[in-house]
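What follows is a set of notes on a single structure, which appears directly below.
The values are calculated or read from the model by the stated rules, or taken from the named source; none is laboratory data. Predicted model, so just to flag it, every value in this text is computed and none were measured. Because the Cβ atoms are built from the backbone with ideal geometry, glycine has one as well, and the counts that use them run over all protein chains shown. To get the accessible areas, we keep the full protein, side chains included, count just its heavy atoms, and leave off ligands, DNA and RNA. Shrake-Rupley method; radii C 1.70, N 1.55, O 1.52, S 1.80 Å.
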Amino acid sequence: MESRGKTVALVVAAGSGSRAGGALPKQYRPIAGRPLLSHTLDALEHPGIDEICVVIGEGQEPFYQRAVGDRLAMAPVLGGETRQQSVRNGLEALARTGASNVLVHDAARPFIPAAVVDRLLDALTRTAAAVPVLPVVDTLAKSQEQLGPIVSREDLVRVQTPQAFHFEKLLKAHAMWTGPDATDDAQVARAAGVAVEMVAGDEALEKLTYEEDFRRAELKLARPQESRTGFGFDVHAFADGESLWLGGLLIPHPRGLKGHSDADVVLHALTDALLGALGAGDIGDHFPPSDPKWRGAASSLFVEHARFLAESAGARIVHVDVTIICEAPRIGPHREAMRSHIADLLRLPISSVSIKATTTEGLGFAGRGEGIAAQAVASISLGART
Ligand code: MG
């Protein structure tokens with residue numbers, strides 16, 4: 001493509017009504033856990049679009065901030081009484097930014113095929129205005145008291161957004177417009193004598209208007225939940241002169257476990273189970289035994305780090321199950337306190353934390369009382385946006 005100037009997407013999100021019901025303006029209604037506008041902004045991430053500017057309604061800044069999140073967005077522009085006034089406000093604000101092309105888009109159309117943007121930008125290399133259109137396939141008739149006469153659909157099209165313009169042409173057209181509120185910008189451009197090219201639109205661009213539109217969008221945008229399971233295993237040897245930490249508790253016992261940190265074999269197995277579910281390596285990768293920083297460290301830190309990694313990945317920890325393998329101490333008397341401590345670390349209800357214990361009938365190192373082994377399984381749910 002030949003070199004071109006800056007292209008800005010101007011998103012009209014200033015509406016206050018909601019035909020779909022609910023007090024929140026529809027452009028801020030949550031779909032799959034995020035405001036509609038936020039999905040629209042995602043869909044406008046296209047290599048041909050340099051910046052995005054959003055026109056919002058009065059008092060909508062908090063909703064806007066929530067939708068924009070930590071995107072690097074231009075400051076929002078305050079809209080007007082009507083859609084057309086809102087677009088005009090946006091264009092006037094953009095006049096100082098050196099935009100060459102503008103794509104005006106309705107916030108309530110969150111699905112924007114990149115191919116449509118490609119076609120529009122391509123059209124702007126040969127013409128000053130272009131809009132996506134679709135043919136009318138249904139039979140059209142006048143709506144009267146009863147079904148009225150058929151209207152020919154042959155020379156009719158449905159006009160969608162984004163609508164693309166050479167910036168100066170559209171700005172001038174809006175300044176010249178004297179008619180009533182215009183429902184789109186192509187009619188404003190045409191009234192100013194600008195020829196508007198038609199490119200193929202897409203059914204995906206449909207505007208979300210009615211309740212059922214939102215339900216369909218929810219199904220389309222909801223990320224499927226993925227259930228994962230991670231497994232962890234650890235062993236530490238008993239040694240004289242050590243304290244015995246198990247499951248984050250200091251347990252009275254003649255001998256403790258030897259290790260670089262506090263040697264809490266239960267929390268180590270648990271940390272590895274969580275890291276395993278996340279596919280994030282093992283405890284040694286995150287807390288190398290060679291690092292003196294972790295000498296004598298409370299292993300609760302490791303579990304909290306794994307929880308932090310899970311949260312950062314958008315994962316929800318669902319359940320953990322631990323088996324402690326030793327002849328002594330007896331775990332039963334400490335089981336509830338251990339569950340409670342781990343539940344606190346993972347911010348889980350206690351019913352989602354299981355602690356079990358077994359001996360090995362006197363066999364092997366655990367049977368000989370040389371050390372303690374622990375196994376843990378962690379179940380997580382990935383894909384949930386919070
Ligand atoms: Mg260990």
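Among all positions in segment 189-205, there is at least one residue which is in a loop (DSSP other than H, G, I, E, B) and acidic (Asp, Glu). Filtering segment 370-386 to residues that are of a type outside the set (Lys, Arg) and modelled with pLDDT under 95 leaves 381, 382, 383, 384, 386. Do we have any residue at all in segment 228-236 that's of a type outside the set (Gly, Ala, Ser) and in contact with a Lys or Arg (Cβ under 7 Å, 6 or more places away or on another chain)? Yes, segment 228-236 contains at least one residue that is of a type outside the set (Gly, Ala, Ser) and in contact with a Lys or Arg (Cβ under 7 Å, 6 or more places away or on another chain).
Assessment of segment 135-153 against the conditions (assigned to a loop (DSSP other than H, G, I, E, B) and under 32 Å from the mean Cα position of the chain (by Cα)) yields no matching residue.
From the list 291, 272, the lone residue that is acidic (Asp, Glu) and within 13 Å of the ligand (Cβ to nearest atom) is 272. The numbered conditions (1) outside the structural domain of residue 271 (by TED's automatic domain parsing); (2) surrounded by fewer than 16 Cβ atoms within 10 Å (Cβ to Cβ); (3) modelled with pLDDT of 95 or more; (4) aromatic (Phe, Trp, Tyr) are all true for residue 231 except (1). Going by what's in this entry, would residue 114 be described as surrounded by fewer than 20 Cβ atoms within 10 Å (Cβ to Cβ) and either under 17 Å from residue 27 (Cβ atoms) or not β-branched (Val, Ile, Thr) (or both)? Answer is yes for this residue.
Taking first residues from segment 264-293 that are surrounded by 22 or more Cβ atoms within 10 Å (Cβ to Cβ) and partners that are charged (D, E, K, R), the Cβ contacts under 6 Å between residues at least 6 apart in sequence or on separate chains come to 265/234; 268/234; 269/234; 272/282; 275/282; 277/228; 283/272. Scanning segment 207-261 for residues that are farther than 30 Å from residue 113 by Cα and β-branched (Val, Ile, Thr) turns up 229, 235, 251. Name the pairs: first residue in segment 58-84 and at negative phi, second residue at pLDDT below 90, Cβ to Cβ under 6 Å, at least 6 apart or on different chains? Hits for this filter: 82/181; 84/181.
Kindly indicate the residue of segment 232-269 that is more than 13 Å from the ligand (Cβ to nearest atom) and of a type in the set (A, V, I, L, M) and also farthest from residue 332 (Cα to Cα) among those meeting that condition. Restricting to residues being more than 13 Å from the ligand (Cβ to nearest atom) and of a type in the set (A, V, I, L, M), the top hit is 239. For segment 305-339, a residue qualifies if it is surrounded by 15 or more Cβ atoms within 10 Å (Cβ to Cβ), assigned to a helix (DSSP H, G or I) and away from the ligand (no atom under 16 Å from the Cβ), and the qualifying residues are 307, 309, 310, 334, 335, 338, 339.
Of everything listed in (1) open to solvent by 70 Å² or more (accessible area, probe 1.4 Å); (2) closer than 28 Å to residue 113 by Cα, the single unmet condition for residue 173 is (1). When segment 275-284 is limited to residues that are closer than 12 Å to residue 306 by Cα and either assigned to a loop (DSSP other than H, G, I, E, B) or not hydrophobic (A, V, I, L, M, F, W, C) (or both), the one that is farthest from the ligand (Cβ to nearest atom) turns out to be 279.
Only one of 194, 157, 199, 151 is among the β-branched types (Val, Ile, Thr), open to solvent by 30 Å² or more (accessible area, probe 1.4 Å) and touching a Lys or Arg at 6+ places or on another chain (Cβ under 8 Å); which? Step by step, each of 194, 157, 199, 151 is checked, and only 151 is among the β-branched types (Val, Ile, Thr), open to solvent by 30 Å² or more (accessible area, probe 1.4 Å) and touching a Lys or Arg at 6+ places or on another chain (Cβ under 8 Å).
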